[in-house]
């Protein structure tokens, strides 16, 4: 089995799209992440998985804080911008949640303090203790089989 087979298999798991952000020395950094999940209710913990080749890998180890913005279905551009597939980072508008930069008008935003970091293969799992949450109306942007998708009600 090679990495392409594994990647294709993982593409069969539908995920939401998140943008993980942090601020270091007055500069906002962010990246598109679909490797996100909740871990615990008590205490409230979430985890994001960051590739060791990503610039966020070192930055988040330094800041020890991050925020997660769940994208709405009309925010596909944000996903592409923060995946470096499209220009436009300078035009992105942010709000603040517990001092952390979050995407304006995201479906949900979560601010976190890093509680633990666990090396897992070529990634680091950043386990974050949730310090604040904001929820907005809308439908999530989904990713499945290498394409963006939208929710559809089952008739």
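Values quoted throughout were computed directly from the atomic coordinates according to the rules given, and no laboratory measurement underlies them. Source: prediction; values computed, not measured. No Cβ is skipped: glycine too gets one built from the backbone with ideal geometry, and neighbour counts run over all protein chains shown.
Numbers at a glance
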{"quantity": "Residue that is in a strand (DSSP E or B), in contact with a strand residue (DSSP E or B) (Cβ under 7 Å, 6 or more places away or on another chain) and exposed (fewer than 15 other Cβ atoms within 10 Å of the Cβ), where the choices are 114, 118, 102, 130", "calculated": "118"}
{"quantity": "Enumerated strands (runs of 3 or more DSSP E) restricted to the stretch 1-90, each holding at least 2 residues that are touching a residue at least 24 places away in the same chain (Cβ under 8 Å), over 15 Å from the mean Cα position of the chain (by Cα) and under 19 Å from residue 144 (Cα atoms)", "calculated": "none"}
{"quantity": "Qualifying residue in the stretch 72-79 (condition: in contact with a strand residue (DSSP E or B) (Cβ under 8 Å, 6 or more places away or on another chain), surrounded by 14 or more Cβ atoms within 10 Å (Cβ to Cβ) and over 18 Å from residue 138 (Cβ atoms))", "calculated": "no"}
{"quantity": "Residues that are loosely packed, with under 14 Cβ neighbours inside 10 Å and either touching a strand residue (DSSP E or B) at 6+ places or on another chain (Cβ under 8 Å) or more than 17 Å from residue 34 (Cβ to Cβ) (or both), drawn from the stretch 134-148", "calculated": "135, 136, 137, 139, 144"}
